[in-house]
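Remarks on the structure that follows.
The values are calculated or read from the model by the stated rules, or taken from the named source; none is laboratory data. Bear in mind that the values here come from a model prediction, so they are computed numbers and not experimental data. Here the Cβ positions follow ideal geometry from the backbone for every residue, glycine too, while neighbour counts run over all protein chains shown. Protein only, heavy atoms only, side chains kept; ligands, DNA and RNA dropped before computing areas. Shrake-Rupley method; radii C 1.70, N 1.55, O 1.52, S 1.80 Å.
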Amino acid sequence: MATVDRLQPTCPCGTGATYDACCGPLLAHTRQATSPEQLMRSRYTAHVRGDVDHLFRTWHPRTRPDDIALDPATRWTGLRIVAATGDTVEFVATSEGGRMHEVSRFEQRAGRWVYVDGVVD
Ligand SMILES: [Zn+2]
(Lines give C-alpha, C1' and ligand atoms only; values in the text may rest on other atoms or scores of the structure.)
Protein backbone atom coordinates (compact mmCIF):
# COMPACT_ATOMS: atom_id res chain seq x y z
CA MET A 1 0.00 0.00 0.00
CA ALA A 2 1.34 3.39 -0.94
CA THR A 3 1.96 5.80 1.84
CA VAL A 4 0.54 9.26 1.47
CA ASP A 5 2.32 12.14 3.10
CA ARG A 6 -0.56 14.20 4.35
CA LEU A 7 1.68 17.18 4.90
CA GLN A 8 2.30 17.32 1.16
CA PRO A 9 -0.91 18.19 -0.66
CA THR A 10 -1.35 16.59 -4.06
CA CYS A 11 -1.47 18.88 -7.06
CA PRO A 12 -4.95 20.07 -8.11
CA CYS A 13 -4.22 19.14 -11.75
CA GLY A 14 -4.69 15.46 -10.94
CA THR A 15 -1.32 13.87 -11.73
CA GLY A 16 -1.25 12.39 -8.24
CA ALA A 17 2.11 14.06 -7.60
CA THR A 18 2.56 16.56 -4.81
CA TYR A 19 2.07 20.22 -5.64
CA ASP A 20 5.77 20.88 -5.05
CA ALA A 21 6.76 18.12 -7.48
CA CYS A 22 4.18 19.10 -10.10
CA CYS A 23 2.77 22.55 -10.92
CA GLY A 24 4.23 24.34 -7.88
CA PRO A 25 7.62 25.22 -9.40
CA LEU A 26 5.93 26.40 -12.60
CA LEU A 27 3.66 28.80 -10.73
CA ALA A 28 6.63 29.92 -8.65
CA HIS A 29 8.62 30.66 -11.85
CA THR A 30 11.42 28.30 -10.81
CA ARG A 31 10.80 25.84 -13.66
CA GLN A 32 9.51 26.08 -17.23
CA ALA A 33 6.96 23.70 -18.69
CA THR A 34 8.63 21.18 -20.99
CA SER A 35 5.45 20.31 -22.90
CA PRO A 36 2.09 21.86 -23.79
CA GLU A 37 0.38 19.36 -21.46
CA GLN A 38 2.55 20.42 -18.53
CA LEU A 39 1.81 24.08 -19.23
CA MET A 40 -1.90 23.35 -19.59
CA ARG A 41 -1.89 21.56 -16.23
CA SER A 42 -0.13 24.49 -14.59
CA ARG A 43 -2.69 26.89 -16.05
CA TYR A 44 -5.52 24.77 -14.65
CA THR A 45 -3.81 24.83 -11.26
CA ALA A 46 -3.47 28.61 -11.58
CA HIS A 47 -7.25 28.78 -12.08
CA VAL A 48 -7.76 26.68 -8.95
CA ARG A 49 -5.44 28.91 -6.94
CA GLY A 50 -6.56 32.20 -8.47
CA ASP A 51 -3.04 32.87 -9.78
CA VAL A 52 -3.79 35.47 -12.48
CA ASP A 53 -0.10 36.31 -12.82
CA HIS A 54 0.76 32.80 -14.00
CA LEU A 55 -2.09 32.86 -16.54
CA PHE A 56 -0.87 36.18 -17.87
CA ARG A 57 2.78 35.10 -18.15
CA THR A 58 1.91 31.88 -19.97
CA TRP A 59 -0.49 33.49 -22.47
CA HIS A 60 0.78 34.55 -25.91
CA PRO A 61 1.06 38.37 -25.96
CA ARG A 62 -0.78 38.40 -29.31
CA THR A 63 -3.91 36.73 -27.92
CA ARG A 64 -3.98 37.43 -24.20
CA PRO A 65 -6.51 39.86 -22.79
CA ASP A 66 -5.23 43.06 -21.19
CA ASP A 67 -6.99 42.13 -18.03
CA ILE A 68 -7.59 38.55 -16.89
CA ALA A 69 -10.51 38.29 -14.54
CA LEU A 70 -11.32 35.01 -12.81
CA ASP A 71 -14.76 34.34 -11.46
CA PRO A 72 -14.20 33.78 -7.73
CA ALA A 73 -17.48 31.85 -7.54
CA THR A 74 -16.15 29.06 -9.79
CA ARG A 75 -14.83 26.12 -7.79
CA TRP A 76 -12.76 23.83 -10.01
CA THR A 77 -12.98 20.20 -9.02
CA GLY A 78 -10.94 18.26 -11.56
CA LEU A 79 -9.00 18.07 -14.77
CA ARG A 80 -8.85 15.26 -17.29
CA ILE A 81 -6.50 15.38 -20.27
CA VAL A 82 -8.24 13.75 -23.22
CA ALA A 83 -5.41 14.04 -25.73
CA ALA A 84 -2.10 15.83 -26.01
CA THR A 85 -0.62 15.82 -29.49
CA GLY A 86 1.94 18.18 -30.98
CA ASP A 87 0.99 21.69 -29.94
CA THR A 88 -2.59 20.99 -28.88
CA VAL A 89 -4.11 19.69 -25.66
CA GLU A 90 -7.69 18.51 -25.39
CA PHE A 91 -9.07 18.47 -21.87
CA VAL A 92 -12.18 18.45 -19.73
CA ALA A 93 -12.18 20.64 -16.64
CA THR A 94 -14.97 20.19 -14.16
CA SER A 95 -16.27 22.64 -11.62
CA GLU A 96 -19.08 22.55 -9.11
CA GLY A 97 -22.13 22.51 -11.34
CA GLY A 98 -20.22 22.78 -14.60
CA ARG A 99 -17.95 21.20 -17.13
CA MET A 100 -15.70 22.69 -19.78
CA HIS A 101 -14.33 20.88 -22.82
CA GLU A 102 -11.59 22.68 -24.69
CA VAL A 103 -8.99 22.04 -27.33
CA SER A 104 -6.16 24.43 -26.54
CA ARG A 105 -3.41 25.49 -28.88
CA PHE A 106 0.11 26.25 -27.68
CA GLU A 107 3.17 27.74 -29.31
CA GLN A 108 6.83 27.81 -28.43
CA ARG A 109 8.20 31.32 -28.06
CA ALA A 110 11.87 31.88 -27.30
CA GLY A 111 12.05 28.29 -26.06
CA ARG A 112 9.04 28.61 -23.76
CA TRP A 113 5.58 27.13 -24.28
CA VAL A 114 2.75 29.66 -24.22
CA TYR A 115 -1.00 29.30 -24.56
CA VAL A 116 -2.36 30.75 -27.82
CA ASP A 117 -6.09 30.07 -27.89
CA GLY A 118 -8.67 27.36 -27.55
CA VAL A 119 -11.91 26.06 -28.97
CA VAL A 120 -14.53 25.49 -26.31
CA ASP A 121 -17.70 23.47 -26.84
ZN1 LIG B 1 0.05 19.77 -11.35
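The length gained on full extension between VAL120 and ASP71, counted as 0.36 nm times the residue separation minus their Cα-Cα distance, comes to 15.9 nm.
Our compactness index for the chain, the C-alpha radius of gyration over the empirical 2.2 N^0.38 Å, is 1.04.
Take every Cα pair under 8 Å whose residues are at least 6 apart in sequence, average their separation, divide by the length of the chain, and the relative contact order is 20 percent. Comparing ALA28, ALA93, ALA69 in a Gaussian network model of the chain, where Cα atoms under 10 Å apart are tied by springs, the biggest mean-square fluctuation is seen for ALA69. Around the Cα centre of the range 11-121, unit charges on the Cβ atoms of Lys, Arg, Asp and Glu (plus for the first two, minus for the last two) sum to a dipole of about 260 debye. Per atom type, the chain shows carbon and sulfur on 50% of its accessible surface, probed at 1.4 Å. Loop-located GluC sites (Glu not before Pro) across the range 60-120 with a Cβ neighbour count of 11 or fewer within 10 Å are GLU96, with loop assigned by DSSP. For the chain, the solvent-accessible area works out to 60 Å² per residue, with a probe of 1.4 Å and every protein chain left in place.
Which is the longest run of the chain containing none of the trypsin sites (Lys or Arg not before Pro) found in DSSP loop states (not H, G, I, E, B) with at most 14 other C-beta atoms within 10 Å? Free of exposed loop sites, the longest segment is 76-121. Give me the angle, in degrees from 0 to 90, between the Cα long axis of helix 36-49 and the longest principal axis of the Cα atoms of the chain, rounded to the nearest 10. The two axes meet at around 70 degrees.
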